[in-house]
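What follows is one structure encoded as C-alpha coordinates, with my remarks underneath.
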(Lines give C-alpha, C1' and ligand atoms only; values in the text may rest on other atoms or scores of the structure.)
Protein backbone atom coordinates (compact mmCIF):
# COMPACT_ATOMS: atom_id res chain seq x y z
CA UNK A 1 0.00 0.00 0.00
CA UNK A 2 2.50 2.67 -1.10
CA UNK A 3 -0.15 5.43 -1.02
CA UNK A 4 -1.96 4.32 2.15
CA UNK A 5 -2.90 7.25 4.43
CA UNK A 6 -2.09 4.98 7.37
CA UNK A 7 1.49 4.34 6.34
CA UNK A 8 3.96 6.54 8.28
CA UNK A 9 5.91 8.89 6.00
CA UNK A 10 9.18 10.66 6.73
CA UNK A 11 9.34 12.04 10.26
CA UNK A 12 5.72 11.16 11.08
CA UNK A 13 5.49 9.49 14.51
CA UNK A 14 2.64 7.10 15.21
CA UNK A 15 1.10 6.46 18.63
CA UNK A 16 -0.70 3.24 19.49
CA UNK A 17 -3.02 2.92 22.48
CA UNK A 18 -4.36 0.38 24.95
CA UNK A 19 -6.77 1.04 27.80
CA UNK A 20 -8.53 -0.67 30.68
CA UNK A 21 -11.58 1.46 29.98
CA UNK A 22 -14.40 -0.56 28.45
CA UNK A 23 -16.44 0.55 25.48
CA UNK A 24 -16.39 0.21 21.70
CA UNK A 25 -14.84 3.65 21.10
CA UNK A 26 -11.63 2.63 22.82
CA UNK A 27 -11.36 -0.46 20.64
CA UNK A 28 -11.83 1.48 17.40
CA UNK A 29 -9.08 2.19 14.89
CA UNK A 30 -10.14 5.84 14.67
CA UNK A 31 -9.84 6.62 18.40
CA UNK A 32 -9.30 10.40 18.77
CA UNK A 33 -9.29 11.00 15.02
CA UNK A 34 -12.11 13.53 15.34
CA UNK A 35 -9.95 15.55 17.75
CA UNK A 36 -7.10 16.01 15.28
CA UNK A 37 -6.93 18.91 12.80
CA UNK A 38 -5.86 16.65 9.91
CA UNK A 39 -7.31 13.47 8.47
CA UNK A 40 -6.57 10.04 9.94
CA UNK A 41 -5.76 11.38 13.40
CA UNK A 42 -2.84 13.55 12.35
CA UNK A 43 -1.60 16.67 14.10
CA UNK A 44 1.63 17.95 12.60
CA UNK A 45 4.13 15.08 12.64
CA UNK A 46 2.08 12.98 15.11
CA UNK A 47 -0.59 10.45 14.20
CA UNK A 48 -2.90 8.53 16.53
CA UNK A 49 -3.18 4.95 15.33
CA UNK A 50 -4.57 3.14 18.35
CA UNK A 51 -4.46 -0.32 16.81
CA UNK A 52 -1.26 0.03 14.82
CA UNK A 53 0.79 -3.19 15.05
CA UNK A 54 4.08 -1.25 14.93
CA UNK A 55 3.66 2.25 16.42
CA UNK A 56 6.58 4.46 17.35
CA UNK A 57 5.12 5.08 20.81
CA UNK A 58 2.46 3.35 22.89
CA UNK A 59 -0.01 5.18 25.12
CA UNK A 60 -1.41 3.35 28.14
CA UNK A 61 -4.60 5.35 28.59
CA UNK A 62 -6.06 4.68 32.03
CA UNK A 63 -4.55 1.22 31.82
CA UNK A 64 -4.23 -0.76 35.04
CA UNK A 65 -4.11 -4.41 33.96
CA UNK A 66 -0.43 -4.87 34.71
CA UNK A 67 1.00 -8.26 35.67
CA UNK A 68 0.64 -8.74 39.41
CA UNK A 69 3.94 -9.77 41.02
CA UNK A 70 3.87 -13.25 42.58
CA UNK A 71 2.91 -13.45 46.23
CA UNK A 72 4.87 -15.49 48.72
CA UNK A 73 3.11 -18.83 49.29
CA UNK A 74 3.51 -21.38 52.03
CA UNK A 75 3.78 -24.52 49.91
CA UNK A 76 6.16 -25.07 46.97
CA UNK A 77 3.40 -26.18 44.58
CA UNK A 78 1.43 -23.01 45.39
CA UNK A 79 4.51 -20.88 44.82
CA UNK A 80 5.05 -22.59 41.47
CA UNK A 81 1.45 -21.86 40.47
CA UNK A 82 1.87 -18.23 41.47
CA UNK A 83 5.06 -17.85 39.45
CA UNK A 84 3.45 -19.54 36.44
CA UNK A 85 0.49 -17.18 36.68
CA UNK A 86 2.83 -14.18 36.78
CA UNK A 87 4.82 -15.40 33.78
CA UNK A 88 1.62 -15.87 31.77
CA UNK A 89 0.37 -12.40 32.69
CA UNK A 90 3.69 -10.85 31.64
CA UNK A 91 3.60 -12.68 28.33
CA UNK A 92 0.05 -11.44 27.66
CA UNK A 93 1.00 -7.88 28.64
CA UNK A 94 4.10 -7.79 26.43
CA UNK A 95 1.98 -9.01 23.52
CA UNK A 96 -0.16 -5.89 23.95
CA UNK A 97 2.88 -3.60 24.00
CA UNK A 98 3.80 -4.72 20.45
CA UNK A 99 7.54 -4.75 21.00
CA UNK A 100 7.73 -1.08 21.97
CA UNK A 101 10.66 -0.44 24.35
CA UNK A 102 9.96 0.88 27.83
CA UNK A 103 11.29 4.37 27.09
CA UNK A 104 8.60 4.81 24.41
CA UNK A 105 5.66 3.65 26.51
CA UNK A 106 3.62 6.45 28.08
CA UNK A 107 1.30 5.84 31.03
CA UNK A 108 -1.48 8.41 31.34
CA UNK A 109 -3.86 8.20 34.32
CA UNK A 110 -7.14 10.12 34.25
CA UNK A 111 -8.71 9.41 37.64
CA UNK A 112 -8.75 11.99 40.46
CA UNK A 113 -7.03 11.11 43.75
CA UNK A 114 -10.26 10.57 45.65
CA UNK A 115 -9.56 9.25 49.16
CA UNK A 116 -11.55 6.08 48.46
CA UNK A 117 -9.38 5.09 45.47
CA UNK A 118 -6.07 6.81 46.18
CA UNK A 119 -4.41 3.56 47.26
CA UNK A 120 -5.26 2.05 43.87
CA UNK A 121 -3.94 5.06 41.96
CA UNK A 122 -0.63 4.86 43.81
CA UNK A 123 -0.40 1.11 43.21
CA UNK A 124 -0.92 1.60 39.46
CA UNK A 125 1.78 4.29 39.37
CA UNK A 126 4.13 1.88 41.13
CA UNK A 127 3.42 -1.01 38.76
CA UNK A 128 3.68 1.24 35.70
CA UNK A 129 7.27 2.12 36.57
CA UNK A 130 8.34 -1.41 35.66
CA UNK A 131 7.02 -1.11 32.12
CA UNK A 132 6.69 2.58 31.18
CA UNK A 133 9.23 5.30 30.50
CA UNK A 134 6.91 8.22 31.27
CA UNK A 135 4.16 8.13 33.90
CA UNK A 136 1.75 11.02 34.32
CA UNK A 137 -1.39 11.70 36.32
CA UNK A 138 -3.37 14.63 37.74
CA UNK A 139 -1.97 14.44 41.26
CA UNK A 140 1.26 14.84 43.21
CA UNK A 141 1.59 11.07 43.69
CA UNK A 142 2.37 10.55 39.99
CA UNK A 143 6.07 10.45 39.02
CA UNK A 144 5.26 13.29 36.59
CA UNK A 145 2.28 15.28 37.91
CA UNK A 146 0.48 17.08 35.11
CA UNK A 147 -2.87 18.25 33.80
CA UNK A 148 -4.91 15.73 31.87
CA UNK A 149 -5.04 16.25 28.08
CA UNK A 150 -8.07 18.31 27.09
CA UNK A 151 -10.02 15.50 25.42
CA UNK A 152 -13.64 16.42 24.74
CA UNK A 153 -16.81 14.34 24.69
CA UNK A 154 -19.14 16.48 22.60
CA UNK A 155 -19.64 14.66 19.31
CA UNK A 156 -18.06 17.23 17.02
CA UNK A 157 -14.78 17.13 15.14
CA UNK A 158 -11.84 19.49 15.49
CA UNK A 159 -12.62 21.09 12.15
CA UNK A 160 -16.32 21.48 12.94
CA UNK A 161 -15.58 23.16 16.26
CA UNK A 162 -12.92 25.35 14.69
CA UNK A 163 -15.12 26.57 11.82
CA UNK A 164 -18.67 26.71 13.17
CA UNK A 165 -20.25 29.96 14.41
CA UNK A 166 -21.75 30.13 17.92
CA UNK A 167 -24.93 28.00 18.03
CA UNK A 168 -28.31 29.50 18.98
CA UNK A 169 -28.87 29.66 22.75
CA UNK A 170 -32.64 29.41 23.35
CA UNK A 171 -32.31 28.09 26.92
CA UNK A 172 -30.59 29.28 30.08
CA UNK A 173 -28.63 26.56 31.89
CA UNK A 174 -28.00 22.81 31.83
CA UNK A 175 -26.18 20.25 33.94
CA UNK A 176 -25.09 16.83 32.67
CA UNK A 177 -24.31 14.58 35.62
CA UNK A 178 -24.84 11.07 36.99
CA UNK A 179 -26.26 9.27 39.99
CA UNK A 180 -22.96 7.64 40.97
CA UNK A 181 -22.67 7.68 44.76
CA UNK A 182 -19.70 5.46 45.60
CA UNK A 183 -17.52 8.23 47.09
CA UNK A 184 -18.12 11.10 49.50
CA UNK A 185 -17.52 13.62 46.70
CA UNK A 186 -20.15 11.92 44.55
CA UNK A 187 -22.62 12.05 47.41
CA UNK A 188 -21.94 15.77 47.95
CA UNK A 189 -22.68 16.37 44.29
CA UNK A 190 -25.96 14.47 44.53
CA UNK A 191 -26.92 16.49 47.58
CA UNK A 192 -26.25 19.69 45.65
CA UNK A 193 -28.28 18.36 42.75
CA UNK A 194 -31.21 17.96 45.11
CA UNK A 195 -30.75 21.53 46.31
CA UNK A 196 -30.74 22.77 42.71
CA UNK A 197 -33.96 20.87 42.03
CA UNK A 198 -35.69 22.18 45.13
CA UNK A 199 -34.55 25.77 44.55
CA UNK A 200 -36.61 26.22 41.40
CA UNK A 201 -33.58 27.39 39.42
CA UNK A 202 -33.97 27.19 35.65
CA UNK A 203 -31.50 24.33 35.16
CA UNK A 204 -32.23 21.42 32.81
CA UNK A 205 -30.76 18.14 34.09
CA UNK A 206 -29.49 15.31 31.89
CA UNK A 207 -27.66 12.13 32.84
CA UNK A 208 -27.61 8.47 33.72
CA UNK A 209 -28.67 6.55 36.81
CA UNK A 210 -30.09 9.64 38.51
CA UNK A 211 -32.38 9.26 41.54
CA UNK A 212 -36.14 9.06 41.05
CA UNK A 213 -36.63 12.41 42.75
CA UNK A 214 -34.57 14.11 40.04
CA UNK A 215 -36.42 15.81 37.20
CA UNK A 216 -34.14 14.15 34.66
CA UNK A 217 -34.48 14.94 30.97
CA UNK A 218 -32.75 11.67 30.18
CA UNK A 219 -29.52 10.13 28.95
CA UNK A 220 -27.90 11.80 25.94
CA UNK A 221 -26.25 9.97 23.04
CA UNK A 222 -24.50 13.20 22.09
CA UNK A 223 -23.46 15.53 24.89
CA UNK A 224 -23.60 18.46 22.47
CA UNK A 225 -27.40 18.36 22.52
CA UNK A 226 -27.46 19.04 26.26
CA UNK A 227 -24.89 21.83 26.25
CA UNK A 228 -24.86 23.79 22.98
CA UNK A 229 -28.43 25.21 23.20
CA UNK A 230 -27.71 26.74 26.64
CA UNK A 231 -26.06 30.00 27.66
CA UNK A 232 -24.68 28.53 30.89
CA UNK A 233 -23.59 25.05 31.88
CA UNK A 234 -22.93 23.69 35.35
CA UNK A 235 -19.55 21.94 35.18
CA UNK A 236 -19.09 20.17 38.52
CA UNK A 237 -15.89 18.16 38.97
CA UNK A 238 -15.67 14.95 41.00
CA UNK A 239 -12.61 16.38 42.72
CA UNK A 240 -11.50 19.93 43.54
CA UNK A 241 -8.69 19.55 46.06
CA UNK A 242 -5.42 19.74 44.14
CA UNK A 243 -3.62 21.85 41.53
CA UNK A 244 -3.81 19.36 38.65
CA UNK A 245 -7.27 17.93 38.13
CA UNK A 246 -9.54 19.43 35.48
CA UNK A 247 -11.67 17.21 33.24
CA UNK A 248 -13.70 17.23 30.05
CA UNK A 249 -16.62 18.74 31.95
CA UNK A 250 -15.03 22.17 31.53
CA UNK A 251 -13.78 21.69 27.97
CA UNK A 252 -17.13 20.36 26.71
CA UNK A 253 -18.88 23.41 28.11
CA UNK A 254 -16.47 25.86 26.51
CA UNK A 255 -16.42 24.11 23.14
CA UNK A 256 -20.22 24.35 23.03
CA UNK A 257 -19.96 28.14 23.47
CA UNK A 258 -21.34 28.06 27.03
CA UNK A 259 -20.19 30.15 29.94
CA UNK A 260 -19.35 27.42 32.47
CA UNK A 261 -20.40 27.75 36.08
CA UNK A 262 -17.46 25.71 37.30
CA UNK A 263 -16.77 23.88 40.53
CA UNK A 264 -13.26 22.49 40.66
CA UNK A 265 -9.67 23.08 41.69
CA UNK A 266 -7.28 25.89 40.69
CA UNK A 267 -5.97 24.08 37.59
CA UNK A 268 -8.63 25.77 35.46
CA UNK A 269 -7.36 29.22 36.49
CA UNK A 270 -3.85 28.29 35.34
CA UNK A 271 -4.97 26.86 32.00
CA UNK A 272 -7.50 29.48 30.92
CA UNK A 273 -7.47 33.28 30.66
CA UNK A 274 -9.51 35.30 33.19
CA UNK A 275 -13.21 35.48 32.41
CA UNK A 276 -13.34 32.06 30.72
CA UNK A 277 -15.72 30.69 33.36
CA UNK A 278 -17.64 31.59 36.49
CA UNK A 279 -16.44 29.88 39.65
CA UNK A 280 -19.11 28.27 41.80
CA UNK A 281 -17.95 28.99 45.37
CA UNK A 282 -19.37 25.85 46.99
CA UNK A 283 -21.97 23.11 46.66
CA UNK A 284 -24.39 24.37 49.30
CA UNK A 285 -26.80 27.25 49.94
CA UNK A 286 -24.09 29.75 49.02
CA UNK A 287 -23.68 28.01 45.67
CA UNK A 288 -27.43 28.12 45.05
CA UNK A 289 -27.46 31.86 45.77
CA UNK A 290 -24.54 32.36 43.38
CA UNK A 291 -26.33 30.63 40.53
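The values are calculated or read from the model by the stated rules, or taken from the named source; none is laboratory data. Every value quoted in this text rests on a predicted model; they were computed, and no experiment measured them. Cβ atoms come from the backbone with ideal geometry, glycine included; neighbour counts cover every protein chain shown.
Filtering the range 196-222 down to residues that are buried (at least 16 other Cβ atoms within 10 Å of the Cβ) and in contact (Cβ under 8 Å) with a residue 60 or more places away in the chain, which residue is farthest from residue 116 (Cα to Cα)? Selected residue: 203. A residue that is surrounded by fewer than 19 Cβ atoms within 10 Å (Cβ to Cβ), assigned to a loop (DSSP other than H, G, I, E, B) and free of Cβ contacts under 8 Å to residues at least 40 places away in the same chain can be found somewhere in the range 280-289. In the set 84, 172, 97, only one residue is over 15 Å from residue 255 (Cα atoms), at pLDDT 95 or above, outside the structural domain of residue 252 (by TED's automatic domain parsing) and surrounded by fewer than 16 Cβ atoms within 10 Å (Cβ to Cβ); that residue is 84.
Only one entry of 123, 161, 114 meets the criterion of being within 23 Å of residue 180 (Cβ to Cβ) and outside any loop (DSSP other than H, G, I, E, B), and that entry is 123. Would you be able to say whether some residue in the range 82-99 is without any contact (Cβ under 8 Å) to a residue 12 or more places away in the chain, on the phi < 0 side of the Ramachandran plot and in a loop (DSSP other than H, G, I, E, B)? No: zero hits. Here are some conditions: (1) more than 14 Å from the chain's Cα centre (by Cα); (2) closer than 26 Å to residue 187 by Cβ. Residue 131 meets all but one. Which one does it not meet? Among (1) more than 14 Å from the chain's Cα centre (by Cα); (2) closer than 26 Å to residue 187 by Cβ, the lone unmet condition for residue 131 is (2).
Restricting 228, 240 to those that are assigned to a loop (DSSP other than H, G, I, E, B), within 25 Å of residue 181 (Cβ to Cβ) and at pLDDT 95 or above reduces the list to 240. Checked against the criterion of being surrounded by fewer than 14 Cβ atoms within 10 Å (Cβ to Cβ) and either touching a residue at least 60 places away in the same chain (Cβ under 8 Å) or over 30 Å from residue 152 (Cβ atoms) (or both), the range 32-50 has at least one qualifying residue.
Screening residue 252 on (1) buried (at least 19 other Cβ atoms within 10 Å of the Cβ); (2) part of a loop (DSSP other than H, G, I, E, B); (3) in contact (Cβ under 8 Å) with a residue 60 or more places away in the chain shows it passes everything except condition (2).
When 63, 107 are checked against the criterion of being closer than 28 Å to residue 255 by Cβ and in a strand (DSSP E or B), 107 stands alone in meeting it.
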